[in-house]
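Working notes for the structure below.
The values are calculated or read from the model by the stated rules, or taken from the named source; none is laboratory data. Just so you know, these numbers come straight off a predicted model, no measurement behind them. Here the Cβ positions follow ideal geometry from the backbone for every residue, glycine too, while neighbour counts run over all protein chains shown. With ligands, DNA and RNA removed, areas are computed over all heavy atoms of the protein, side chains included. Shrake-Rupley method; radii C 1.70, N 1.55, O 1.52, S 1.80 Å.
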Amino acid sequence: FFVFFFQAEDGIRDVERSRGLGDVYKRQTFMFGNAIKVTPVLEDHTSTLISYFPNSDWYEFPSLKKVMSYNPNSKEGKNLTLVCGLENENINVHLKGGVILPYQSAPLADTSITAITKLKSLPISLIVIPDHDEKANGKVFYDEEQSLEKLTYHDYSLTLANSEIIVKLMGGNPQYKYMGLDRKISQITVINAKKYKDTLCAKAFNLRGQAIELNFKYEAADEKLVLTAKSGNLDIEDLTKVIWSNSKCQSHICLLYTS
């Protein structure tokens, strides 16, 4: 509650320094959780605005283009000039490096999504955004909106280290079966993934240790690696890890996991 309160009052609360309530830029932006930065337009007839970004890697959403890089020699962030205005069809949402973000998308023409409950019928995708140490963390939480005493929820942690994503159930009842289709993962997108451009294999592993073949494609223009299941979607309830390898000397790792 207090974290959300401070974010609402002071925009982005830079852990290195507080800019005080007199900072004119602080009310031009706010954080939604620890990964999504939203910069709304608060003035009429505005085509650009200045917004403060703490020292980190930042990416524009949904293009996923990098707008700022982490500076290891400074604790200070930067004020960036952002394009805004309805004529530019631009909504300034930015993602911070070091997170794994679940999201859902639906066709703009689909008018059936009129309630949050209908999102349960759509699979999720994961955006993996490594930080300057090439690590990232995230969470996925499923809830049937019943009493916590019944443990009708699942709380998953997602952790990226090198070229491996570990999935762990951190809370809830392992025997509980969540029925929403949003437990399915249709796509995993790793951005700033130039080091993985020569990926040779990609696999996921279920709770029984069985390997699941994945399609993989490196998109050079956007420097991102896209992973999808060859058949159907991945089920997060039956998923322990996702791995990929980008060199001949490491490609045998994918084979070893299947033995």
Criterion (at pLDDT below 80, farther than 27 Å from PHE141 by Cβ and surrounded by 12 or more Cβ atoms within 10 Å (Cβ to Cβ)) met by exactly one of ARG27, ARG13, ARG17: ARG27
Residue match in the stretch 247-255 (condition: at pLDDT below 90, touching a strand residue (DSSP E or B) at 6+ places or on another chain (Cβ under 9 Å) and of a type in the set (Ser, Thr, Tyr)): yes
Matching residues, the stretch 193-215, being open to solvent by 70 Å² or more (accessible area, probe 1.4 Å) and either among the polar types (S, T, N, Q) or modelled with pLDDT of 95 or more (or both): GLN210
Members of the stretch 29-55 that are part of a loop (DSSP other than H, G, I, E, B) and closer than 10 Å to LEU95 by Cα: ASN34, ALA35
Number of the condition not met by ASP222 [criteria: (1) more than 18 Å from the chain's Cα centre (by Cα); (2) open to solvent by 50 Å² or more (accessible area, probe 1.4 Å); (3) modelled with pLDDT of 85 or more]: (1)
Pick from the stretch 95-127, criterion among the small types (Gly, Ala, Ser) and over 15 Å from LEU64 (Cβ atoms), ranking: modelled with the highest pLDDT: SER121
Scope the stretch 200-229; condition charged (D, E, K, R) and under 23 Å from GLY180 (Cβ atoms); matching residues: ARG208
